[in-house]
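One structure is given here, and the rest of the page talks about it.
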Amino acid sequence: MFEKIKDAAIREVMADTSLDRAGRIARLTKLREDARAEQRMASEAPAVDDDGLNSRLRDVELALEHLGQDPSEEEGKGAATL
């Protein structure tokens, strides 16, 4: 499963044995929020290059799904959604 995840920060969270499931979900949720914020900022720029933002978000969502957390569960709860 982890071979599909290319982002080092996400792989690090998943490999961290000091974190329990809830701790991993909390850290991954924060990484997902950060990735979505970066996507929103990039979408406001005049010329947007996909410099890995989409793959990072997908990696976070894969990791959350692996932990049994539905990534779309948090969708629409914030002020800005994509």
Ascending count of other beta-carbon atoms within 10 Å, so fewest first, for D20, D34: D20, D34
Approximate spin-label separation N54-T29, in nm, with each point projected 7 Å along Cα-to-Cβ: 2.8
Residue order, fewest to most surrounding Cβ atoms within 10 angstrom, among V13, V60: V13, V60
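Values quoted throughout were computed directly from the atomic coordinates according to the rules given, and no laboratory measurement underlies them. Every value quoted in this text rests on a predicted model; they were computed, and no experiment measured them. Counting neighbours? That spans all protein chains shown, and the Cβs are built from the backbone with ideal geometry, glycine included.
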